[in-house]
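The block underneath contains the structure these notes are about, expressed in C-alpha cells.
The values are calculated or read from the model by the stated rules, or taken from the named source; none is laboratory data. This one's a predicted model, so the numbers in the text were calculated from it and none came from an experiment. Cβ sites come from the backbone with ideal geometry, for glycine too, and all protein chains shown count toward neighbours. All accessible areas refer to the heavy atoms of the entire protein, side chains included, with ligands and DNA or RNA removed. Shrake-Rupley method; radii C 1.70, N 1.55, O 1.52, S 1.80 Å.
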Amino acid sequence: MLARMTSEPEQQIGVGTQDAFQRLWTPHRMAYIQGENKPSGPGADDGCPFCTIPEKSDEDGLVIARGERVYAVLNLYPYNGGHLMVVPFRHVADYTELDEAETAELAEFTKRAMTALRTASGAHGFNIGMNQGSVAGAGIAAHLHQHVVPRWGGDTNFMPVIGHTKVLPQLLADTRAMLADAWPA
C-alpha cells in the first residue's frame, strides 16, 4: 500500500462536483463520529474507556503519568498536538463528587501537564477545562476528565477555521513518549 502512495493529488471519480479544492481525508475521525469506544451506560462497568485505560500499559493506553488518584492520558481525538486529559481513577461524573485528595491531585497533575507541555513542545498558552454533562459537550459525561490543550501563537489557521480540520504533525504514540519523558517528578 505504501508503495502506491505519492504526494500528488489523485482524482477520485464520483465524489461530487469537481471544484478547485483538494481533500484532506481523515478517516480515523469516523470512529469518533460514530461513537466508537463510547460507554453503553453511566456505570463504570458499562464500557467506560477511562475505567479501562488504567488496566493497559502506558504505551497501549497512551498514559503519560499515573498518580495515586488520577492519571494523565492523551486525547484520542485531539484539538491540538499534545492535547491531554487528567482523569480520576474513580468513576465519578461530576467535579463536586471528587474528595479533597482527588481534587488536589487533579490540580497538581494539571500543573505538571502544563510544565511538561512547555518543556516538550514550547506551548505558549493553554485551554484548560472540563465539560460537565452531555448538554455541556462532554463526550463521555459519566467519567469526569479535565482537558489540557496546548496553544501556540498562530495555531489557528485556515484549516480549523475554514476546513474544520486539524493537521497534527506527530503520531499519538510519539507525543505520549515525548510528554512522559518531560513529565516533572
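Total residues in region 104-126 satisfying the condition of being of a type outside the set (Asp, Glu), open to solvent by less than 40 Å² (accessible area, probe 1.4 Å) and more than 30 Å from GLY154 (Cβ to Cβ): the figure is 1.
For the residues TYR79, TYR95, the requirement of being surrounded by 15 or more Cβ atoms within 10 Å (Cβ to Cβ) and either modelled with pLDDT under 95 or among the aromatic types (Phe, Trp, Tyr) (or both) singles out TYR79. So, ALA113, is that one under 14 Å from the mean Cα position of the chain (by Cα), under 19 Å from PRO184 (Cα atoms) and modelled with pLDDT of 95 or more or not? So ALA113 passes the test.
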